[in-house]
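Take a look at the structure below.
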Amino acid sequence: MFKKAYIKTYGCQMNEYDSEVMAGLLTKDHYQLTSKPEEADLIILNTCYVREKVKQKIYSKLGEIKKLKEKNPHLILGVCGCVAQRRPEEVLQQAPYVDFILGTFNFYRLPLVVRRVRESGERIVDVEERETIPEKLPKLRKNRFSAYVPIMRGCDNFCTYCNVPYVRGRERSRLPEDILREVEELSCQGYKEVTLLGQNVNSYGKGLENRLDFADLLTRINCIEGIERIRFTTSHPKDITDKLIQRMRDLDKVCEHLHLPVQAGSNKVLKRMRRGYTKERYLELVDKIRKTIPQISLTTDIIVGFPGESEQDFQETLDLVRKVEFDGAFTFCYSRIKGTEAAEFEDQLPEEVKKERLRRLIQLQREILEKRNKSLVGQKFEVLVEGLSKKSSDELQGRTRTNKVVVFKGSPDLVGKLVQVKIVDSSQWALRGEICG
Ligand code: SAH
Ligand code: SF4
């Protein structure tokens, strides 16, 4: 009989991709995936450590799993991902019943490690940093039409608040031929959309022998038959080139959406964050992008309550948000993460101040989004149908090239297909449409 594995993923798309690889490896090793932790023989938490709160959530999940381990002594529990990489001792202290810890550099060794734990009962901690991750690993992808494809790992930017360079290591680009092969395989399997992943995709190619930059990589992927849409995330504003903006305009498969995290609107704060641009440069960049690609939708990430952020600094953030009118924003209270530079800054703000600023920012962004979405009513969009709507089973849900979610009536046979949809209604959350043409 098959053994059952339960994988819980926290955090970003890169973690989701790593989980798809772990699921692929386990399936090859005769495991069946389950969505019920209580029936699993193996539980894996693929963890995120971008904010302290996420780490706390993971520890409380480990507390729940302890009860399952007490009921089933053969249950194997592994902690992978960013908390595992950065705080292996702390994980073992919090949850001494964990059987193995596999860091972000070593997740592909999962089947080997599980077998060793099962055979010898020993506890394994593997957080050694490695230069590369092997290619051609099996994957069990969650989505049948849209796939993640990492093009690089790690980050060299060391923004002062950020844990990523510590949990994911230095920036390493995958070879273009490996990326192109993966996308070609996806096309053969019927995938229509790829999302290229990296912490800073605009610096793709650094350190490669036959250097190909990100704009050239996009151009090559654009030639792959069968793939209809190309997305990518994340773009660092300091590294966006004119060449990239022009290619985005010219390459037919590259979608009109750019996630461009700004983080803050005050130059003082941006400098202390070590972002490498000013508010003015960011606004100029937005202007240039919108002039070149008028239909573009822009989304962002913003942190409020960074150490030393005054009310005046925060007003600069609100001002930037009003000026740009983003189509979406992930907004966060600054989280003080031990080991990062900003955690040592002395002018930390009280939690209530951060929360109150976050509330004001969210309110403003909601109003902007409502207004922007309303302006789309009456327009037609190409939509990739992703599946049944989450709210109602007789409706479909899909995304425009600008990454807006649209809900509409239609036959389930359309899932995975591209359809034309006219927008008939809108809210701050989603657009409602009707299939046309
Ligand atoms: N590479 C991406 C971001 C990766 S982390 C970039 O450079 O934009 C995703 C987001 O988490 C960041 O954009 C930031 O907004 C948020 N974040 C990272 N560290 C944080 C911290 N210490 N506190 C609050 N938010 C944080
Ligand atoms: Fe973190 Fe900055 Fe690198 Fe993004 S660019 S991952 S925010 S260090």
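For the range 15-23, the condition holds for at least one residue, the condition being that it is within 16 Å of ligand 1 (Cβ to nearest atom) and closer than 18 Å to Glu129 by Cβ.
List the strands (runs of 3 or more DSSP E) inside the range 1-65, counting only whole elements, that have at least 1 residues being under 19 Å from Asp99 (Cβ atoms) and of a type in the set (Gly, Ala, Ser).
Where strands (runs of 3 or more DSSP E) fall fully within the range 1-65 and carry at least 1 residues being under 19 Å from Asp99 (Cβ atoms) and of a type in the set (Gly, Ala, Ser), they are 3-9.
Val91 - would you say it is at pLDDT below 95 and either on the phi < 0 side of the Ramachandran plot or assigned to a helix (DSSP H, G or I) (or both)?
Working: at pLDDT below 95: no; either on the phi < 0 side of the Ramachandran plot or assigned to a helix (DSSP H, G or I) (or both): yes.
The answer is no for Val91.
Output the residues belonging to the range 261-293 that are farther than 15 Å from Gln315 by Cα, touching a residue at least 40 places away in the same chain (Cβ under 8 Å) and not in a loop (DSSP other than H, G, I, E, B). Hits for the range 261-293 are Arg272, Met273, Arg281, Tyr282, Leu283, Leu285, Lys288, Ile289, Thr292.
Does Glu356 meet the test of being away from ligand 1 (no atom under 14 Å from the Cβ), part of a helix (DSSP H, G or I), more than 20 Å from Leu283 (Cα to Cα) and of a type outside the set (Gly, Ala, Ser)? Criteria met by Glu356.
Put simply, of Ile124, Ile133 the only residue that is modelled with pLDDT of 95 or more, surrounded by 15 or more Cβ atoms within 10 Å (Cβ to Cβ) and of a type outside the set (Ser, Thr, Tyr) is Ile124. Number of residues in the range 318-353 that are touching a Gly at 6+ places or on another chain (Cβ under 8 Å), closer than 18 Å to Thr299 by Cα and in a loop (DSSP other than H, G, I, E, B) equals 0.
To keep it simple, each residue is scored yes or no on (1) away from ligand 2 (no atom under 16 Å from the Cβ); (2) farther than 14 Å from Ile221 by Cα; (3) aliphatic (A, V, I, L, M); (4) modelled with pLDDT under 95.
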site	(1), (2), (3), (4)
Tyr166	no, yes, no, no
Ile179	yes, no, yes, no
Glu182	yes, no, no, no
Ser187	yes, no, no, no
Val194	yes, no, yes, no
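Got at least one residue in the range 220-228 being under 30 Å from Asn106 (Cβ atoms), hydrophobic (A, V, I, L, M, F, W, C) and either in contact with a strand residue (DSSP E or B) (Cβ under 7 Å, 6 or more places away or on another chain) or more than 16 Å from ligand 1 (Cβ to nearest atom) (or both)? The answer is yes; a qualifying residue exists.
Note on the range 141-161: residues that are surrounded by 21 or more Cβ atoms within 10 Å (Cβ to Cβ), within 11 Å of ligand 2 (Cβ to nearest atom) and either over 15 Å from the mean Cα position of the chain (by Cα) or within 27 Å of Gly387 (Cα to Cα) (or both) total 2.
Out of all the residues in the range 147-179, which are within 12 Å of ligand 1 (Cβ to nearest atom) and either assigned to a loop (DSSP other than H, G, I, E, B) or acidic (Asp, Glu) (or both)?
Here is the first cut: in the range 147-179, the residues within 12 Å of ligand 1 (Cβ to nearest atom) are 152-168, 171.
Residues satisfying the conditions are Gly154, Cys155, Asp156, Asn157, Phe158, Cys159, Thr160, Tyr161, Cys162, Asn163, Glu171.
In the range 250-275, which residues are loosely packed, with under 15 Cβ neighbours inside 10 Å and more than 22 Å from the chain's Cα centre (by Cα)?
Correct list: Asp250, Asp252, Lys271.
Scanning the range 22-58 for residues that are in contact with a strand residue (DSSP E or B) (Cβ under 7 Å, 6 or more places away or on another chain) and within 16 Å of ligand 2 (Cβ to nearest atom) returns a single hit, Arg51. With a requirement of 1 or more residues that are among the charged types (D, E, K, R) and surrounded by 14 or more Cβ atoms within 10 Å (Cβ to Cβ), the strands (runs of 3 or more DSSP E) lying completely within the range 372-415 that satisfy it span 380-388, 395-400. Might you let me know whether the range 300-313 holds any residue that is under 30 Å from Lys380 (Cα atoms) and either surrounded by fewer than 20 Cβ atoms within 10 Å (Cβ to Cβ) or aromatic (Phe, Trp, Tyr) (or both)? Taking every residue of the range 300-313 in turn, at least one turns out to be under 30 Å from Lys380 (Cα atoms) and either surrounded by fewer than 20 Cβ atoms within 10 Å (Cβ to Cβ) or aromatic (Phe, Trp, Tyr) (or both).
For the residues Ala342, Ala329, the requirement of being free of Cβ contacts under 8 Å to residues at least 40 places away in the same chain, within 13 Å of ligand 1 (Cβ to nearest atom) and surrounded by 12 or more Cβ atoms within 10 Å (Cβ to Cβ) singles out Ala329. Residues in the range 168-177 that are within 16 Å of ligand 2 (Cβ to nearest atom) and out of contact with any Leu (no Cβ under 8 Å at 6 or more places or on another chain): Arg168, Gly169, Arg170, Glu171, Arg172. Would you pick out the residues in the range 259-309 that are away from ligand 1 (no atom under 14 Å from the Cβ), closer than 23 Å to Lys338 by Cα and touching a Phe, Trp or Tyr at 6+ places or on another chain (Cβ under 8 Å)? Once the filter is applied, which keeps residues that are away from ligand 1 (no atom under 14 Å from the Cβ), closer than 23 Å to Lys338 by Cα and touching a Phe, Trp or Tyr at 6+ places or on another chain (Cβ under 8 Å), the range 259-309 yields only Gly308.
When the residues of the range 314-325 are filtered to those that are surrounded by fewer than 21 Cβ atoms within 10 Å (Cβ to Cβ) and closer than 13 Å to Ile362 by Cα, the one that is nearest to ligand 1 (Cβ to nearest atom) is Val321. Can you tell me which residue in the range 218-247 is nearest to the chain's Cα centre (by Cα), limited to those that are within 16 Å of ligand 2 (Cβ to nearest atom), not aromatic (Phe, Trp, Tyr) and not in a loop (DSSP other than H, G, I, E, B)? Only one residue tops the list, namely Thr233.
Restricting to the range 180-205, name every residue that is in a loop (DSSP other than H, G, I, E, B) and either in contact (Cβ under 8 Å) with a residue 60 or more places away in the chain or under 28 Å from Gly305 (Cα atoms) (or both). Break it down into steps so the answer makes sense when it comes.
Taking the range 180-205 as the starting set, the residues that turn out to be in a loop (DSSP other than H, G, I, E, B) are 189-192, 198-200, 204-205.
Within the range 180-205, Gly190, Lys192, Gly198, Gln199, Asn200 qualify.
The values are calculated or read from the model by the stated rules, or taken from the named source; none is laboratory data. Since the model is a prediction, treat every value here as computed from it, not as a measurement. As a convention, Cβ positions derive from the backbone with ideal geometry for all residues, glycine included, and neighbour counts pool all protein chains shown.
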